[in-house]
Amino acid sequence: MTGRLLRAALVDLAALRHNVISLRERVAPAQFMIVVKADAYGHGAVPVALAAAGAGIRHFGALDIPNALALRAGGLGEENSVLSWLHLPDEEFGEAIDAGVQLTASTIEELGRIADAEAQRTPVVQFKIDTGLNRNGATALQWPELMREAAAFESAGRIRIQGVWTHIAEASEDEDTIAMARFEHAIEVAASLGVRFPVRHLAASSAGFRRADLRYDMVRMGGHCWGIPSFDGITATEMGLIPVMTLVSTVTAVAERSDGSRLAELPLGFVDGLPREARGRVFVAIHGRRFLLDREIWHSSTLLDVTGSDVAVGDPVYLFGTGDHGEQTVREWGDRTGTLGDEIVTRIGVRVPRIYSGA
Ligand SMILES: *Cc1c(COP(=O)(O)O)cnc(C)c1O
């Protein structure tokens, strides 16, 4: 199946559709946003977004304006909402406004620039409040002033207020509950100043999956859409999800040594995103048999001890994926290398073509 590809990330869009449909059902009646930042965590933002739209997903989180515009240019029509939230201090908002991109404002200054942008259309704005993560968002101190300004801009017809949101740590139940209380309070403060939000959202993959009380009107998910569980002790299969990316390669050389040992070479290294910590910790599968990645991971190749096997040049190698070919999942790779599966897929490099199936 890998057809002698030196290296490839096989992206199963049917699995992606399955995941987003299943997740959307789980969080309903809350709406579902797929977060496609960082090129959809390495899966390819445009193909992923179009596949999700084909499965009926209507909300897309783009992180920033270049990504948001790339989704529109890639064919994501205006029946789908696209939200951006990370803006440069001198960001030009006009093009995004006219492309129907919803913009997040965290400060009065940012809101002013959005309202002042040269655009044919009225900006559609969401507001971000910080509830403890300190990753932008208005502070509780800035919030009332921001809301007064928002109300004034809205009554002057210069913006349309669409939503309010925050981002939470999802590291402990208690912290998340505290963040939720801060979020509620901010919404009350806004209401007392005459600001109402059609859409309120706070949870990402982890909290959104587990806690109905944190879903509000919408849940924003990245990780789970790719079939990577965001918490311990549960597999993708147990969650009803399918890993979307399978990383494959091909044996490019086999060295037979006088002591009878055999080494195989894979044309993938740390420039391709293989974590160097994988050495001695993860397995790859060749013809369903597992081999430990027991040698140093080099710049663009990796050696593997295949002593006692008949592994040969041209054999397909499965690094991580669904497990269907004996390989581990990327979640297992993450656990064993002290990182997150999300981070591993996101870092798969540009030498590794993404090959799509199930479109
Ligand atoms: C990345 C991100 C998400 C998605 O997080 P996951 O844990 O991958 O589901 C949601 N919201 C915001 C603001 C994000 O930056």
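Values in this text are rule-based calculations from the coordinates and carry no lab data. This structure is a prediction, so every number in the text was calculated from the model and none was measured. FYI the Cβ positions are ideal-geometry reconstructions off the backbone, even for glycines, and counts take in every protein chain you see.
Scanning the stretch 148-166 for residues that are away from the ligand (no atom under 16 Å from the Cβ), surrounded by fewer than 20 Cβ atoms within 10 Å (Cβ to Cβ) and within 29 Å of the chain's Cα centre (by Cα) gives a single hit, ARG160. State yes or no: is ARG290 touching a residue at least 40 places away in the same chain (Cβ under 8 Å) and among the charged types (D, E, K, R)? When the stated conditions are applied, ARG290 does not pass them. You will find that of GLY349, GLY314, the residue that is of a type outside the set (A, V, I, L, M), farther than 25 Å from GLY222 by Cβ and in a loop (DSSP other than H, G, I, E, B) is GLY314 and no other.
Among the residues making up the stretch 167-225, those that are within 22 Å of the chain's Cα centre (by Cα), of a type in the set (Ser, Thr, Tyr) and more than 29 Å from ALA152 (Cα to Cα) are SER172, SER205, SER206.
Looking only at the stretch 15-23, decide whether some residue is in contact (Cβ under 8 Å) with a residue 12 or more places away in the chain, within 16 Å of the ligand (Cβ to nearest atom) and either of a type in the set (Gly, Ala, Ser) or part of a loop (DSSP other than H, G, I, E, B) (or both). Yes, because at least one residue in the stretch 15-23 is in contact (Cβ under 8 Å) with a residue 12 or more places away in the chain, within 16 Å of the ligand (Cβ to nearest atom) and either of a type in the set (Gly, Ala, Ser) or part of a loop (DSSP other than H, G, I, E, B) (or both).
Checking ARG279, ARG295, ARG211 one by one, the residue that is touching a residue at least 24 places away in the same chain (Cβ under 8 Å), away from the ligand (no atom under 16 Å from the Cβ) and surrounded by fewer than 22 Cβ atoms within 10 Å (Cβ to Cβ) is ARG295 and no other.
Among the residues here, VAL244 qualifies as within 16 Å of the ligand (Cβ to nearest atom) and either more than 29 Å from VAL125 (Cβ to Cβ) or of a type in the set (Ser, Thr, Tyr) (or both).
The conditions of being more than 24 Å from ALA236 (Cα to Cα), out of contact with any Gly (no Cβ under 7 Å at 6 or more places or on another chain) and outside any helix (DSSP H, G or I) are met by LEU268.
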